[in-house]
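Structure record follows, encoded as C-alpha cells.
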C-alpha cells in the first residue's frame, strides 16, 4: 500500500536566496546526473541544470497548483517530469525518505545551497525542519506518494 503525505512547499522571497543545507553524510558521484545529500532529519539532491529547470517548473514554479510527486524504488515522477533513480536511492535514499514520510512532524520542501558546491548550485531539500521565515514564504502544499514496487526496500 502506498505511503502518502502532504508536504509544505516554500519559495524564496527573492530569486537566488537560500539557507544552507548544513553538514551531510553522503554525496553520490555527480556523473549520474543526481547527487544525494543525507543529513539528520533531511534529505537533499542536486540535479543537472536541465533536470533542475524541468523539476522546478513542475514542483516549485507552479504556486497555483498542487502537484503530486510519486516515488518508487526505481524512479520519481511529478507532472511531466520523470527521472530514473540511481542505485544509491535503493541502498540508502529510499530508507531515509521513508523515515521522513513516516515521521509525525511536518515535512517541508524548499531549495538550499552549500558552500562546497559551485556557485548557483541548488539542493532540492525535504526536511522535518521548517525553513527560515525571513528567507522563504509558504506556497500551496504538495502531495507525495511513496509507492512500494519491485525492488522496494521499505518493508
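The values are calculated or read from the model by the stated rules, or taken from the named source; none is laboratory data. Remember, predicted model here, so these are calculated numbers, not experimental data. For neighbour counting, all protein chains shown are included, and Cβ atoms are generated from backbone atoms with ideal geometry for every residue, glycine included.
Can you tell me which residue is nearest to residue 82 (Cα to Cα) among those in the range 24-42 that are surrounded by fewer than 21 Cβ atoms within 10 Å (Cβ to Cβ), in contact with a helix residue (DSSP H, G or I) (Cβ under 8 Å, 6 or more places away or on another chain) and at pLDDT 85 or above?
Among those residues, the one meeting the criterion is 38.
Pick from the range 94-109 the residues that are over 14 Å from residue 39 (Cβ atoms) and crowded, with 17+ Cβ neighbours inside 10 Å: which of them is nearest to the chain's Cα centre (by Cα)?
The selected residue is 109.
Taking the conditions exactly as written (in contact with a strand residue (DSSP E or B) (Cβ under 6 Å, 6 or more places away or on another chain) and modelled with pLDDT of 80 or more), does residue 111 satisfy them or not?
Details: in contact with a strand residue (DSSP E or B) (Cβ under 6 Å, 6 or more places away or on another chain): no; modelled with pLDDT of 80 or more: yes.
Judged against the criteria, residue 111 is not a match.
For residue 76, state whether it is under 19 Å from residue 48 (Cα atoms), without any contact (Cβ under 8 Å) to a residue 40 or more places away in the chain and in contact with a strand residue (DSSP E or B) (Cβ under 8 Å, 6 or more places away or on another chain).
yes
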